[in-house]
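Participant: If you scroll down you'll find the structure; I have some questions about it.
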Amino acid sequence: MTSILYIGDSSRGATSCHRANALRRLGHDVVVADPYLICHGSIENPWLGALHFRTGYRLLQPRIKQWIATLLSGIHGFDMAWVDNGELLGADSVRLLGESGLLTVLYNHDDPTGSRDGRRFDSLLKAFPFYDICAVVRQNNVLEYQALGARRVIRVLMSHDEVMHAPYRDTSELAPTFRSEVVFIGTWMRGEARDQFLLELVQHGIPVSIWGQRWEKSPLWVHLKAFHRGGNLTGRDYVAAIQGAKVCLGMLSKGNRDLHTTRTMEIPYAGGVLCAERTSEHLELYAEGVEAVFWRDAEECARQCRRLLGDDSWRESVRVAGMARVRAARRGHEDMCRVIVEAAWQSQAQSPSASLVANGR
């Protein structure tokens, strides 16, 4: 068992919280410290939040460093500091963690070395050299982290939560509001063309339901408003919307250089039918047409949706096979956390310049 100081978002719906709970289920002693609560007023303020995001949270670094110092002065007996996301912790804060004798681990499933989020991760990028090990979910990130001074990098795949994303045993429990034909659950993002894609599906006659935030900001909102069912879904509502849909769309973030996403694992695990963009990684993860259904553009997606909606037997076979595949492959948070913790301890005895590839990659 490892005693872990877990630094990350503690809100119940956050995947960070799910990972902390997964570490607990593995038997580790986990205490969560949430840096977002320390800076809540600044981050949640519309103007200040935008300023901090666009300047890489540099103006918050003195406050975060003091918080880390105070935190360390009041705790003892921890073996490891697991920093989840890490956008708020700059080099000085991570250095303090290491100097206190903690093995320092960074897990980030965004794309900090990519271009989508501008300067959001500036403070994090400077902290790479002070982590004992960094866990990433994209192959691109491995060499890019190392070029910025990361000592060791391990690649894992994105993951579902074994408890939070478990399907309802009795689908009669699903509220009617969560039942749909074809669903997309996700946020509108500028420059990602998700709105155009969904509008094309609508124009092809596909009965689309949309859940997620910021869709009212889309230039196409007037056309999509009628298909928007509600805002961000978390917890069991998220599972209900997946399980209550006949087809679940899996879209990528091109700005984040995605070849798979958390939805790739969560949808089949939660009992949904994954209908996602065809990528090299999706093709490695699922047998096309057997365990998941893929497409290259809106036109092909519409064809696939029509076929799935019109063939109950095939759709059910894809759903069952996809669920079996993701379970057999062990793509959950517990599996991923186990790999990272083991690699972190191994890293102490290995060359700083080496990198690891884990979880089947």
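Participant: Over the chain, with every protein chain in place, what whole percent of the accessible area is carbon and sulfur at 1.4 Å, could you tell me?
Facilitator: Solvent-exposed carbon and sulfur of the chain make up 52 percent of the total.
Participant: Now a separate question. Viscosity 1.306 mPa s, temperature 10 °C: what is the translational diffusion coefficient of segment 202-274 from Stokes-Einstein with a Kirkwood Rh over Cα pairs, rounded to a whole number of µm²/s?
Facilitator: D, rounded to a whole number, is 118 µm²/s.
Participant: Ordered by packing density, taken as the mean number of other Cβ atoms within 10 Å over each peptide's residues, highest first, how do 138-146, 219-227 rank?
Facilitator: 138-146, 219-227
Participant: Using Cα springs under 10 Å in a Gaussian network model of the chain, which residue among Gly41, Gly212, Gly244 shows the largest mean-square fluctuation?
Facilitator: Per the Cα network of the chain with a 10 Å cutoff, Gly41 tops the list.
Participant: Could you tell me which of His260, Gly244, Gly149 has its Cα farthest along the dipole of segment 141-290 towards the positive end, charges placed at Cβ (Lys, Arg +1; Asp, Glu -1), taken about the Cα centre?
Facilitator: Sorting the options by dipole projection puts first Gly149.
Participant: For the chain, what does the accessible surface come to per residue with a 1.4 Å probe? Please give it in Å².
Facilitator: 42 Å²
Participant: Computed over the Cα atoms of segment 250-294, what is the ratio Rg over Rh, Rh following Kirkwood?
Facilitator: When Rh is taken as the Kirkwood radius, the ratio is 0.93.
Participant: Could you tell me the relative contact order of segment 1-58? Use alpha-carbon pairs under 8 Å, at least six residues apart, and round to a whole percent.
Facilitator: 33 percent
Participant: Under the rule of at least 5 residues apart or a separate chain, name every residue whose amide H is placed under 5 Å from the amide H of Leu102.
Facilitator: Hits under the 5 Å cutoff: none.
Participant: Per residue, how big is the convex hull around the C-alpha atoms of segment 115-203? Give it to me in cubic angstrom, could you?
Facilitator: With only Cα atoms used, segment 115-203 gives 166 Å³ per residue.
Participant: A further question follows. Convert 25 °C to kelvin, take the viscosity as 0.890 mPa s, use the Kirkwood radius over C-alpha pairs of the chain as Rh, and evaluate the Stokes-Einstein diffusion coefficient in µm²/s, rounded to a whole number.
Facilitator: For these conditions, the coefficient is 115 µm²/s.
Participant: Counting only Cα atoms, I'd like the Rg/Rh figure for segment 146-276, Kirkwood definition for Rh.
Facilitator: 1.02
Participant: Right, next: Quick one: which of 257-270, 148-161 comes out on top by average Cβ neighbours within 10 Å, and what's the full order, highest first?
Facilitator: The densest-packed peptide leads the list: 257-270, 148-161.
Participant: Under the Karplus relation 6.51 cos²θ - 1.76 cosθ + 1.60, θ = phi - 60°, what is the ordered set of whole-Hz ³J(HN,Hα) values for segment 211-228, x standing for Gly and Pro?
Facilitator: Taking θ as phi minus 60°, the curve returns 10, x, 8, 6, 5, 5, 7, 5, x, 9, 4, 4, 8, 9, 3, 5, 9, 7 Hz for segment 211-228.
Participant: For segment 79-193, what is the relative contact order in percent, using Cα pairs closer than 8 Å and at least 6 residues apart in sequence?
Facilitator: The value is 21 percent.
Participant: Here is a follow-up. To the nearest 20 debye, what charge dipole does the chain have about its Cα centre, counting +1 at the Cβ of each Lys and Arg and -1 at the Cβ of each Asp and Glu?
Facilitator: Dipole size: approximately 340 debye.
Participant: Ignoring everything except DSSP H segments at least 4 long, calculate the 222 nm mean residue ellipticity for the chain; use -39,500 (n - 2.57) per segment, divide by total residues, nearest 500.
Facilitator: Mean residue ellipticity at 222 nm (helix-derived): -11500 deg cm²/dmol.
Participant: In whole Å, what are the Cα extents of segment 34-186 along the three principal axes, biggest one first?
Facilitator: Largest first, segment 34-186 extends 54, 36, 36 Å along its Cα principal axes.
Participant: Please list 246-252, 302-308 highest first by mean number of surrounding beta-carbon atoms within 10 Å per residue.
Facilitator: 246-252, 302-308
The values are calculated or read from the model by the stated rules, or taken from the named source; none is laboratory data. As the structure is a computational prediction, the values presented were derived from the model and not from experiment. Every residue, glycine among them, receives a Cβ derived from its backbone with ideal geometry; neighbour counts consider all protein chains shown. Surface areas here come from the heavy atoms of the whole protein model, side chains and all, with no ligands, DNA or RNA. Shrake-Rupley method; radii C 1.70, N 1.55, O 1.52, S 1.80 Å.
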